[in-house]
Structures are given as structure tokens and as C-alpha cells.
Amino acid sequence: MRLSARIRYEDNVFIDCHREIFTVRGVNLSLLGLKVKDKALSVCDHEDVVVFIELDEEVSLRGKITRFREDEFVITFNEDPELIASTVGKYLSSRIYKSGMCPFCLKKIENREKYCRRCGMFFDYTKPEIVRFIQEFKVGKIFYDLLVEHPEEIEEKLEEKEEFIGISKGIKNVFNLIRKYATNDYPVLIIGETGTGKELTARAIHERSKRAGKPFVVVNCAAIPENLLESELFGYEKGHLQMPTGER
Ligand SMILES: Nc1ncnc2c1ncn2[C@@H]1O[C@H](COP(=O)(O)OP(=O)(O)OP(=O)(O)O)[C@@H](O)[C@H]1O
Ligand SMILES: [Mg+2]
């Protein structure tokens with residue numbers, strides 16, 4: 001999963017490794033860090049470094065270095081969101097808008113939208129809040145919070161939502177019909193043997209209809225006396241009350 005756009009950055013950058021300066025070749029740049037390719041950096045024994053990089057103007061950013069492969073290193077920036085947003089963020093956004101396409105899915109960008117209409121990738125990294133969110137976003141932590149800290153909520157959610165499943169030709173046809181009839185106002189009669197998913201089908205139509213935000217009411221007609229059913233379904237009108245046969 002990629003939260004921050006990554007762009008190619010194939011210029012020289014200077015790395016200050018405890019007063020020893022290395023000139024290395026950049027590979028790509030994101031809000032989180034810079035990837036560089038150069039064997040020379042192997043002799044840098046320290047984790048903490050300072051990167052000098054040209055981002056429209058020369059900036060220096062503190063970071064932590066991690067070896068990726070033999071000659072590839074990643075320097076993760078270790079700076080405040082405010083500084084990252086006003087340097088790397090600003091540069092990333094201007095490069096993305098200048099290129100005119102989403103760096104992730106390559107969709108054309110029209111009207112300087114804030115995120116990609118196709119893949120949802122952010123384009124505007126100039127706000128510290130966005131940088132903070134991306135820096136703090138840890139998939140593992142989120143799973144832990146959800147599954148270990150709040151398992152009841154997850155279970156509730158899973159129970160709430162019954163998934164409609166099936167891959168056979170017949171059920172795929174049902175899915176197509178659901179999509180087709182959910183978008184218009186035709187009354188739909190669903191027939192089938194018991195337990196074959198008639199209610200699930202009705203729910204699926206409701207969820208995709210323009211009335212999705214309104215209640216889905218299930219009426220068990222078989223449990224209502226025949227002469228009360230009309231009032232139950234269409235409302236009671238004075239003078240037309242129909243009493244069950246036995247109570248007349
Ligand atoms: N394709 C399906 N995918 C997942 N669950 C299904 C599917 N078909 C049926 N089920 C499950 O089987 C059970 C019966 O489904 P449902 O209540 O929709 O059937 P029904 O046709 O209305 O049955 P009845 O005629 O007895 O009222 C439900 O728990 C439903 O979630
Ligand atoms: Mg049913």
C-alpha cells in the first residue's frame with residue numbers, strides 16, 4: 001500500500017555522515033525519504049545523517065540511513081511535518097502537477113485536483129497535517145488496534161454485514177439482475193426455493209438503490225392473517241379496518 005507519492009529523483013545529493021561528505025546519486029524521493037544508489041556510502045557507519053538536496057532551493061534534512069541492497073540505501077527523513085511539507089512536500093506536489101499525470105497510475109490530472117480520480121493517490125503534500133498522517137500511518141499498528149484493542153467492534157461489523165457470495169454462472173446472473181433493477185423503481189418479485197438467498201437478494205437491491213439510506217423493512221407475510229395484510233402493507237384507513245376472521 002502506498003500512501004505517499006514517489007517520484008524519480010536522479011540528481012546528485014550530498015550526504016553528511018558525521019562530517020564526512022558523500023556525493024551520491026538519487027533514485028527516487030517521497031515524503032518519507034530518499035532512495036540513493038552508490039557503493040561509496042557503505043563506509044558510512046552511522047545511522048544519523050544529513051541530506052543536502054536541491055528541491056528548487058537547496059535544503060538540508062536530517063535522516064536515518066538504512067541499507068537496502070549492496071549499493072542501495074534509503075534515508076528516512078527525521079524532521080518535523082512542517083519542515084517536510086514546506087520542502088519535500090512542496091517539491092513533490094509541484095513536480096506532480098507539472099508532469100500532468102498521477103505518478104502512481106498515470107491518469108491525466110485535470111484542474112489540479114487534490115487526489116487522483118482513478119486510484120485515489122494524494123497530490124497535495126504541502127500541508128503538515130497530511131505529512132503527519134502519512135508519517136504516523138502504520139498498517140501493523142492499525143491492525144493491532146482494530147483486532148486486539150477493539151475485537152468486539154470488528155465482530156459486530158462482520159456480523160452486521162452478510163456478504164453475498166458466489167461464482168457460478170447462475171449467481172453471476174443474479175448479481176447482474178440486482179445491479180440492473182437496483183437503479184430503477186420497478187417492483188421486483190424474487191422467487192426461489194427456501195434458503196436460496198431471496199432475502200439476501202432483496203437486501204442487495206436495497207443497498208444499491210437510491211433508497212439505500214432508508215430502512216429496509218422485512219415483513220413476514222405468512223405470519224400475518226390474510227385480511228390484516230393489506231393494512232399492514234399499505235396502511236390503515238378509517239372505516240376499512242379488516243378484523244381477522246375469528247374476531248369478527
Ligand atoms: N449466495 C449466498 N451467499 C452468502 N450467503 C447466502 C447466499 N445464499 C444464501 N445465503 C445465506 O443463506 C441463508 C438463507 O438466505 P435467505 O434468508 O436470503 O434465503 P431465502 O431465500 O429468503 O429463504 P426462505 O425462503 O427460507 O425465506 C442466509 O443466512 C443467507 O445469508
Ligand atoms: Mg426469506
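The set of residues from the range 165-204 being of a type in the set (S, T, N, Q), within 13 Å of ligand 1 (Cβ to nearest atom) and free of Cβ contacts under 8 Å to residues at least 24 places away in the same chain comprises SER168, ASN173, THR194, THR196. One residue stands out among those in the range 175-204 that are in a helix (DSSP H, G or I) and within 14 Å of ligand 2 (Cβ to nearest atom): the one that is nearest to the chain's Cα centre (by Cα), which is ALA204. Among the numbered conditions (1) in a loop (DSSP other than H, G, I, E, B); (2) within 13 Å of ligand 2 (Cβ to nearest atom); (3) under 30 Å from LEU147 (Cβ atoms), the only one that ILE165 does not meet is (2). Only a single item in (1) aromatic (Phe, Trp, Tyr); (2) farther than 26 Å from ARG132 by Cα; (3) at pLDDT 95 or above is not met by PHE22, and it is number (3).
Taking the range 205-222 as the range and being assigned to a helix (DSSP H, G or I) and away from ligand 1 (no atom under 13 Å from the Cβ) as the test, the residues that pass are GLU207, ARG208.
The values are calculated or read from the model by the stated rules, or taken from the named source; none is laboratory data. This structure is a prediction, so every number in the text was calculated from the model and none was measured. Note that each Cβ is placed from the backbone with ideal geometry, even for glycine, and that neighbours are counted across all protein chains shown.
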